[in-house]
Amino acid sequence: MILPKPNRLNPEQVAEITAITKEFGCHVQPIIGKVRTIYAIVGDERDDLMINRLEGLSYVERIDRIQSPFKLMDRRSDLANGRLTIGGVTLGEELLIIAGQCTIDPKNPNLFYETSQAVKEAGAHVIRGGVWKPRTNPYSFQGDHKSLDILMEASRRTGLPVDTEVMDEEHLKFAIDAGVDMLQVGARNALNYSLLRAIGKAIGDRPQTSVLLKRSVHMGPINEFISAAEYIAAFGNPNIMLCPRGTTPTLDGYRNHPDESATPLLKEKTWAAVVVDPSHSVGKAAYVPAASLAAVAYGADGLCIESHIAPSKGIGDDPKQSITPGVLTKVIKQAKQLWKIRRE
Ligand code: PEP
Ligand code: MN
């Protein structure tokens, strides 16, 4: 990883480091931070001659060589010095709340507008709303492109940033063009390396775009989760939050098995913020408040909670696992208190 002296290099300097790394079979990938851009060396960076030549350049501060399967996401990486700010909240300084419907019903935009306003009043900083939905059953509602306009209208009306899941590169393009602030990678796609790569690259000239990476139920060791995030970072976007969302159930009655206890493990290895999704973790509205507090107790930096103004009128997961804005208000209040207690 090349750490430049200025906040970013000019095109001639980028061309020079690119040419040097190319001689050694590597290439350079800029990782665009809000203030500073760093340059990852992609490939085998063990050649001392390459490192010496790069370190000798007047505009290079130093080269970091971290021996880790995820050198950008590693706690020792330079990226650990950056802090992500979303919806006015700097992660690590305040508990981030993402809330809103599982699924936007394109036939009922007003429900989404009302939900969005209500979750804002409950204390949410980011509105979530599913436009395209990964459904187990191919005959279930798959989402609707029209919902993207509804999502962005809710953002304009509330003044809050929005989060939505993108399942493929076509969705990604539509979401980026529409100005979606937070791209969600769902549990089913968390191991889809082509999509992770494309999401990393999609940051383009919108360095504020963040990514909420869910944990796949198929992920084994914790390194597999962090390595999935490494793909996004290595292809250009370091604004990543890791999202445990429940894994294969071992207890009868749970939709998934809560995995908020992965939080301290993640924090030991990576600098990334952990935003837990208690809704999918338990799959039942009545259990969501406890699961939210458990996540905060384990050290979560944020929560992503499904909430709906009238869950019984919802679609997708909303009827079974969305909490009402009234319940959300209380959950946020208690979660914030607990978050403070943890810091005493
Ligand atoms: C969702 O957030 O509505 C969703 C489908 O999540 P997951 O990918 O965790 O199942
Ligand atoms: Mn859902």
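The values are calculated or read from the model by the stated rules, or taken from the named source; none is laboratory data. Everything numeric here is computed off the predicted structure, so don't read it as measured data. All Cβ positions, glycine included, derive from the backbone under ideal geometry; neighbour counts span all protein chains shown.
Points to keep in mind about this one:
- The single condition from (1) part of a loop (DSSP other than H, G, I, E, B); (2) closer than 20 Å to Thr85 by Cα; (3) not small (Gly, Ala, Ser) that Val217 fails is (2).
- Scanning region 172-195 for residues that are in a helix (DSSP H, G or I) and either surrounded by fewer than 24 Cβ atoms within 10 Å (Cβ to Cβ) or within 16 Å of ligand 2 (Cβ to nearest atom) (or both) yields Leu172, Lys173, Phe174, Ile176, Asp177, Ala178, Ala187, Arg188, Asn189, Tyr193, Ser194, Leu195.
- Residues in region 272-284 that are out of contact with any Phe, Trp or Tyr (no Cβ under 9 Å at 6 or more places or on another chain) and away from ligand 2 (no atom under 12 Å from the Cβ): Ala272, Ala273, Val275.
- In the set Ala118, Ala80, only one residue is farther than 24 Å from Leu266 by Cβ, touching a residue at least 12 places away in the same chain (Cβ under 8 Å), among the hydrophobic types (A, V, I, L, M, F, W, C) and assigned to a helix (DSSP H, G or I); that residue is Ala118.
- Number of the exception - Gln208 against (1) touching a residue at least 40 places away in the same chain (Cβ under 8 Å); (2) closer than 25 Å to Gly283 by Cα; (3) out of contact with any Gly (no Cβ under 9 Å at 6 or more places or on another chain); (4) part of a loop (DSSP other than H, G, I, E, B): (2)
- Test: Ile222 is in the same structural domain as Leu191 (by TED's automatic domain parsing), in contact (Cβ under 8 Å) with a residue 24 or more places away in the chain and within 20 Å of Asp78 (Cβ to Cβ): no
- Any hit, region 86-99, residues being at pLDDT below 95, of a type outside the set (Gly, Ala, Ser) and within 16 Å of ligand 2 (Cβ to nearest atom): no
- Checklist (1) part of a helix (DSSP H, G or I); (2) β-branched (Val, Ile, Thr); (3) within 30 Å of Ala154 (Cα to Cα) applied to Thr21, failing item: (3)
- Each residue in region 210-229 was checked for being within 13 Å of Val185 (Cβ to Cβ) and modelled with pLDDT of 95 or more, and 9 pass.
- Selection status of Pro138, part of a loop (DSSP other than H, G, I, E, B), in the same structural domain as Phe225 (by TED's automatic domain parsing) and touching a helix residue (DSSP H, G or I) at 6+ places or on another chain (Cβ under 6 Å): no
- Residue check, Asp168 over 21 Å from Ala310 (Cα atoms), out of contact with any His (no Cβ under 7 Å at 6 or more places or on another chain), within 15 Å of ligand 1 (Cβ to nearest atom) and of a type in the set (D, E, K, R): yes
- The listed residues are Val35, Val89, Val28, and the only one of them that is more than 19 Å from Trp271 (Cα to Cα), away from ligand 1 (no atom under 16 Å from the Cβ) and either touching a helix residue (DSSP H, G or I) at 6+ places or on another chain (Cβ under 6 Å) or of a type in the set (Val, Ile, Thr) (or both) turns out to be Val28.
- Residue ID - farthest from the chain's Cα centre (by Cα), chosen from residues in region 249-270 that are surrounded by fewer than 18 Cβ atoms within 10 Å (Cβ to Cβ) and of a type in the set (Asp, Glu): Asp252
- Summed over region 130-152, the residues that are farther than 20 Å from Arg255 by Cβ and within 15 Å of ligand 2 (Cβ to nearest atom) give a count of 4.
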